[in-house]
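Contents: one structure, followed by commentary.
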Amino acid sequence: MLYTLFKNVLFRPVIKYVYGARVVGEEHLPARGGMILASNHLDAGDTVVLPSMVSRKVTFPAKAELFKGNRGLFSKLVAWFLTAVGQVPLDRSGGRVSLAGLGPVLQVLADGGCVGIYPEGTRSPDGRLYKGKTGVARMALAAQVPIVPVAMQNTTVIKKFGLPWIDHPVVVIGEPLDFSEYFDRGEDPRVLRWVTDEVMAAIQRLSGQTYVEAYGTSVKSGSLTKAQADARILERPGINTKQPDA
């Protein structure tokens, strides 16, 4: 499979031996069965370092339009590459991620695969951890799988000798989170928010990041100023969220 070729021949040797990457807590990663890796998102390096360094194949949902290849030669190459390495489309044509758009992702999980997701929905604009979107909870509850929190560290891509360089990146893997008591409540907004906040809190414990109770996309779009974001710093995600009754 091309995924194995790209990972073991091209990416992993460079990431591990040239960039000096390491993994902490890999013993927490289930060896088999459907699961979701939920990670913070610091830089573009995350999307290469994480799948290269963990033992299992990681499938990342990508925007469905990227699979169409209908915008010129480059888009055709992108569509071919995503398909060749086994990534799956995520249909967000209706805005929020709904179960209707999760079909390919849920199939990967049902087949015992590992799906990677960045709950913040975008790269952090300033290195802090931002509010998670509830798609991660929706996926986990619908597929009835655990969520494994992950913290990426030192993944900023810089230029060295004119080449992309990442200086000693670290992947920190936490213990799986079991939300099985809520598997039958995957459409309850209170449950989705609480589960998401618990996931983000677990990521924060691993990363040590400052948490901002706002979406990173709001800061990037300019609808939230830095001062307004600073005013929304909390000790941890979900500190004001009450756990729903099981």
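The values are calculated or read from the model by the stated rules, or taken from the named source; none is laboratory data. Predicted model, so just to flag it, every value in this text is computed and none were measured. Cβ: placed from backbone, ideal geometry, glycine included. Neighbour counts: every protein chain shown.
Determine, yes or no, whether residue 197 is closer than 15 Å to residue 131 by Cα and surrounded by 20 or more Cβ atoms within 10 Å (Cβ to Cβ). When the stated conditions are applied, residue 197 passes them.
Residues in segment 208-228 that are under 22 Å from the mean Cα position of the chain (by Cα) and hydrophobic (A, V, I, L, M, F, W, C): 212, 214, 219. What are the residues in segment 151-202 that are polar (S, T, N, Q) and on the phi > 0 side of the Ramachandran plot, if any? Within segment 151-202, 154 is the sole residue that qualifies.
The residue of segment 38-60 that is surrounded by the most Cβ atoms within 10 Å (Cβ to Cβ), among those that are hydrophobic (A, V, I, L, M, F, W, C) and in a loop (DSSP other than H, G, I, E, B), is 42. Within the option set 127, 174, 121, being within 17 Å of the chain's Cα centre (by Cα), under 16 Å from residue 60 (Cβ atoms) and either at pLDDT below 95 or surrounded by fewer than 23 Cβ atoms within 10 Å (Cβ to Cβ) (or both) holds for one residue only, 121. Condition first: farther than 21 Å from residue 175 by Cα and of a type in the set (D, E, K, R). Now tell me which residues in segment 204-218 satisfy that. 213 - this is the single residue of segment 204-218 that is farther than 21 Å from residue 175 by Cα and of a type in the set (D, E, K, R). The combined condition, being touching a residue at least 60 places away in the same chain (Cβ under 8 Å) and within 24 Å of residue 16 (Cα to Cα), is not fulfilled by residue 199. Residues of segment 190-223 that are over 20 Å from residue 177 (Cα atoms), polar (S, T, N, Q) and in contact with a Ser or Thr (Cβ under 9 Å, 6 or more places away or on another chain): 217, 223. Take the conditions (1) assigned to a strand (DSSP E or B); (2) within 16 Å of the chain's Cα centre (by Cα); residue 164 misses just one of them, which is (2). Scanning segment 39-59 for residues that are in contact with a helix residue (DSSP H, G or I) (Cβ under 9 Å, 6 or more places away or on another chain) and under 17 Å from residue 87 (Cβ atoms) yields 39, 41, 48, 49, 51, 52, 54, 57, 58, 59.
Out of the residues in segment 200-246 that are basic (Lys, Arg) and at pLDDT below 95, which is surrounded by the most Cβ atoms within 10 Å (Cβ to Cβ)? The qualifying residue surrounded by the most Cβ atoms within 10 Å (Cβ to Cβ) is 220.
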